[in-house]
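Working notes, beginning with the structure itself.
A short reminder: the numbers here are calculations on the coordinates, not readings from a lab. What you see is a predicted model, and the numbers here were worked out from it, not measured in a lab. Using ideal geometry, Cβ is built from the backbone for each residue, glycine included, and neighbour counts are taken over all protein chains shown.
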Amino acid sequence: MPKHPFAARSTARPDTLRGKLLLAMPNMGDPRFERAVICMCEHSEQGAMGIIVNQPADHIDFPELMQQLQIPTPGECAQVGIFTGGPVEPNRGFVLHSADYLHETTLVISELVALSATVDILKALARGDGPRHSLLALGYAGWGPGQLEAEIQENAWLHTEVDTDLVFGTEAALKWPLAMAKLGIDVSMLSPVAGHA
């Protein structure tokens, strides 16, 4: 897997969303991002990139993927969750993981999470000696310069701090309401239609 398009280091801005969770508002008009929880991997003047962490890919599991990639899986293969990471390049794989595993090509997002996109991490996961926490994403969410900022101004997104228990240890269907609850928002009180009294 080649490096992702935002691998080049950029000067972090104080308002960067890198290392945060982006949460779709109920009025999100794009069904691909409905109730999405996105771990933001990069955010600079050049654009933004993140991985959706709560949309399981139901067409394949980790042992099947290892078999397709001809990666040997000694004994019991680890069960790594596979997610639809976003609509951009859905045939590329990215491993979002805890920062206890670092490879020379790993993008360190924060002290808690990192992103790797090489066969080496898949082999490590298959052997059972990869990062403590991980999920595999097919594709990613991407925004051009200023696009995400404009969407935030239109109230399409909220953001909060990354919570590794939520990202890696919570059932997919519960991630969005729990992330919203971290912001003090009861999702049962939210209307999917904005601007109506």
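Data for the structure
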read-out: Spacing of the two label points (7 Å from each Cα toward its C-beta) at Glu171 and Gln79, in nm; value: 1.3
read-out: Paramagnetic reach from Ile60 (point 7 Å along Cα→Cβ, amide N under 11 Å) across region 123-167; value: 137-139
read-out: With Cα atoms, 0 to 90° folded angle of helix 172-182 axis to the chain main axis; value: 50
read-out: Cubic angstrom per residue, convex hull over Cα atoms of region 12-121; value: 130
read-out: Cα centroid separation - region 51-67 against region 133-184, whole Å; value: 18
read-out: Charged-residue dipole, Cβ positions (Lys, Arg, Asp, Glu), region 40-94 about Cα centre, Debye nearest 20; value: 40
read-out: Total charge dipole magnitude, region 20-189, about the Cα centre, Cβ charges on Lys, Arg, Asp, Glu only, Debye to nearest 20; value: 180
read-out: Positive-end residue, the chain charge dipole about Cα centroid, Cβ charges, pick of Val119, Leu148, Ala48; value: Val119
read-out: Mean Cβ neighbour count within 10 Å, used as a protection proxy, ranking 144-153, 41-50, 124-133 highest first; value: 41-50, 124-133, 144-153
read-out: Dipole moment magnitude, nearest 20 debye, region 127-175 about Cα centre, only Lys, Arg, Asp, Glu C-beta charged; value: 280
read-out: Sites Ile152 and Gln68 - FRET efficiency at Förster radius 45 Å, r taken between beta-carbons, to 0.05; value: 0.75
read-out: Under-27-angstrom lysine pairs by C-alpha in the chain, whenever the two are 8 or more apart or on separate chains; value: 4
read-out: Rounded, prolate or oblate (a/c below 1.5 giving rounded, otherwise prolate when a/b exceeds b/c) for region 20-189 by Cα gyration tensor; value: prolate
